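The values are calculated or read from the model by the stated rules, or taken from the named source; none is laboratory data. Remember, predicted model here, so these are calculated numbers, not experimental data. Methodologically, a virtual Cβ is constructed for each residue, glycine included, from the backbone with ideal geometry; neighbour enumeration extends over all protein chains shown. Just the protein is used for accessible areas: all its heavy atoms, side chains included, with ligands, DNA and RNA removed. Shrake-Rupley method; radii C 1.70, N 1.55, O 1.52, S 1.80 Å.
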Amino acid sequence: MSNEAGLSECDNPTKDNKKTKRDPIRVKVQGVEIGGRDVIVIAGPCAVENMQQLTETAISVRNNNAKILRGGAFKPRSSPYSFQGLGEEGLKMLREISNTTGMPVVTEVMDTRQIEIVCKYADMLQIGSRNMQNFPLLKEVGMTHKPVLLKRGMMATIEEFLLAAEYILSQGNEQVVLCERGIRTFETSTRNTLDLSAVPMLKHLTHLPVIVDPSHGTGLRWMVPSMAKAAIAAGADGLIMEVHYKPGEALCDGQQSLDLIEFRQLMKDLSKIAAAVDRSI
Ligand code: PEP
Ligand code: MN
């Protein structure tokens, strides 16, 4: 690959990536294209909780230019006693609201046994940080025809991240979007350390679109706008952000979720940043 990409060995940390460097591609999620001039914003709650929460949040983010709805039905929680998601009931709600709003939906698949059911309802499959090196899962989603949102493992190097993507690509599914969502460092003031240098590095090393998750990347609602703006300035093709109609009542990640007014204001500000780097939102 080094010859094809024109990269020297030291430029190129991924020695085995046969498929990750070609001309940049666009990943299609129903009618939405990630990787073009438009910066694509994915927004919605951390977890699907009930129809009212999902509907109010989805309609508001759509009216403020979010293009894809997010929401977890299967949640990877640190504690087994925390809310684990609504499962298939949540998937059905996502499908229903997708049909009424016209927004495609992305949701996490945590296990190979969930792939079939998630594919039945979702437009894009999310592989979460904790599963970035779940190789059987990567291979199986690589055999589906759904676009995949692959989040960086919290302890993963860029090389490991790209090799994880390679597992999906090598099975024939080329529709992969990479997501920087923060890594674990010695720093404890933020939930994770959002590695924005990953954005230009990944764009340099691969043909895949790169998006940023400033919600998990910081863990702090008040920091999300700054890092979202910085991500676009750094060249991200999109953002995924947690938004909740009542963050104080969220069953999951309320402290890092924007409310509807904050999201609306942020989207206005982001369109100025996008224009400054020759993109649109
Ligand atoms: C999420 O996006 O809901 C999530 C759990 O993120 P991550 O896998 O990045 O922690
Ligand atoms: Mn979350």
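Points to keep in mind about this one:
- Helical contribution to [θ] at 222 nm, DSSP H n ≥ 4, -39,500 (n - 2.57), averaged over the chain, rounded to 500: -10000 deg cm²/dmol
- Principal-axis tilt of helix 224-233 within the chain, Cα atoms, nearest 10 degrees: 30 degrees
- In region 25-276, the alpha-carbon atoms span a convex hull of 113 Å³ per residue.
- Near-label residues of region 103-129 by backbone N, under 14 Å of a point 7 Å along Cα→Cβ of T55: none
- Extension gain, T157 to Q171: 0.36 nm times the residue separation minus the Cα-Cα distance gives 2.8 nm.
- Taking 0.36 nm per residue of separation and subtracting the current Cα-Cα distance, fully stretching the chain between E116 and R264 would add 49.8 nm.
- Taking the centroid of alpha carbons for each part, region 196-213 and region 233-250 are 18 Å apart.
- Two-site FRET efficiency, R22 against F135, from Cβ-Cβ distance with R₀ of 25 Å, rounded to 0.05: 0.60
- The chain, relative contact order [Cα under 8 Å, separation at least 6], %: 21 percent
- The residues of region 136-248 have, on average, 35 Å² of accessible surface per residue, using a 1.4 Å probe with all protein chains present.
- For region 107-195, the list of GluC sites (Glu not before Pro) that fall in a loop by DSSP and count at most 15 other C-beta atoms within 10 angstrom reads E187.
- Selection of chymotrypsin sites (Phe, Trp or Tyr not before Pro), region 173-281, meeting DSSP coil and at most 12 other Cβ within 10 Å: F186
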